[in-house]
Amino acid sequence: MIRARTLPLVLALILAGCVSTTPAHSEIPAPTQKAAVTPVPIPAPTVAAIDLTLHSIDDADSLWVVADKLRPIQPKKYVPSGLRTLDVPHTYEPTLRADAAKAYLKMFRAAKNDKVNLVVQSAYRSYSTQVSVYNGWVASLGRKAADLQSARPGYSEHQIGLSVDIASATAGCTIQACFSRTPEGKWLTKNAWRFGWHLRYPNGKTAVTGYKFEPWHWRYVGVELAAELNLTPKITMEEFFGLPAAPDYAR
Ligand SMILES: [Zn+2]
């Protein structure tokens, strides 16, 4: 008798548990299982379905490290280990950390398969390279405008070895907001998360990230986190991890 009365409740709990703990986008491609029973509407999760303590957000070697204007890379002259050169179309010869390099290759091939031609504009940049890049922007735009589109040395995601700036082989708009409307930009917006890449500086989030919209800048965070981030349009890593907004450097 007890078993008969509690069975529906147990079933309901199991069903609810299955739905809420499995990210909707965790499979590649999306699962096509048929529901055995009429699905019960489950509200969108308000907390992350993945274990947020899985990787550090402070350690520069971590897949999930968050660097922004309030969170300099530790140490500031950090050099990642295991950088790999990517044999793909590029402007500046690209290197990335091994896991990101592998994920980029996978994404590059999938895009090519869809007749979309990704070009690496720039990937890993050392502290000293960032000194030149940042100083170049300051010289042409002034410090205030430069800070909106180029990180100061020791604060750049490119120095971590997990970020890549991607351009179009044919459509122009390199390192410009209009890249989002190119076939490459559109393809990335739709598909990059499947390969573990996250749009780090979304449109309208300058007050959080400190940078203007950068549809070309993709950060490797791994498929698990990228899928989770993809559930919320334009979410930033700061918002996801409950970190303070970082519109500007600490004085
Ligand atoms: Zn970038």
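Only one residue in S122, S56, S62 is away from the ligand (no atom under 16 Å from the Cβ) and under 20 Å from L199 (Cβ atoms), so which one is that? Don't jump to the end; show me each part of the working.
Values: S122 fails: away from the ligand (no atom under 16 Å from the Cβ); S56 fails: under 20 Å from L199 (Cβ atoms).
Every option except S62 fails the conditions.
Count of the range 168-188 residues, restricted to those that are more than 16 Å from the ligand (Cβ to nearest atom) and either buried (at least 16 other Cβ atoms within 10 Å of the Cβ) or not in a helix (DSSP H, G or I) (or both), is 7. Residues in the range 226-251 that are among the small types (G, A, S), crowded, with 16+ Cβ neighbours inside 10 Å and in contact (Cβ under 8 Å) with a residue 40 or more places away in the chain were compared, and the one that is farthest from Y104 (Cα to Cα) is A246.
Here G154 fulfils each of the conditions (1) in a loop (DSSP other than H, G, I, E, B); (2) at negative phi apart from (2). When G161 is tested against (1) buried (at least 16 other Cβ atoms within 10 Å of the Cβ); (2) more than 20 Å from the chain's Cα centre (by Cα), just one condition goes unmet, and that condition is (2). Inspection of the range 209-216 finds no residue satisfying the criterion of being touching an Asp or Glu at 6+ places or on another chain (Cβ under 6 Å) and without any contact (Cβ under 8 Å) to a residue 40 or more places away in the chain.
Of all residues in the range 197-244 being of a type outside the set (A, V, I, L, M, F, W, C) and assigned to a strand (DSSP E or B), which is nearest to the chain's Cα centre (by Cα)? Steps first, please.
If we filter the range 197-244 for residues that are of a type outside the set (A, V, I, L, M, F, W, C), which is where we start, we get 198, 200-206, 209-212, 214-215, 217, 219-220, 222, 224, 228, 230, 232-234, 236, 238-239, 242, 244.
Of the ones still in play, those that are also assigned to a strand (DSSP E or B) are 198, 217, 219-220.
Details: H198: 2, H217: 8, R219: 4, Y220: 5 Å.
The extreme case among them is H198.
Residues that are closer than 17 Å to W187 by Cα, surrounded by fewer than 16 Cβ atoms within 10 Å (Cβ to Cβ) and within 17 Å of the chain's Cα centre (by Cα) are absent from the range 112-120.
Coordinate-derived values only; no laboratory data. Predicted model, so just to flag it, every value in this text is computed and none were measured. Reconstructed Cβ throughout: ideal geometry from the backbone, glycine too, with neighbour counts over all protein chains shown.
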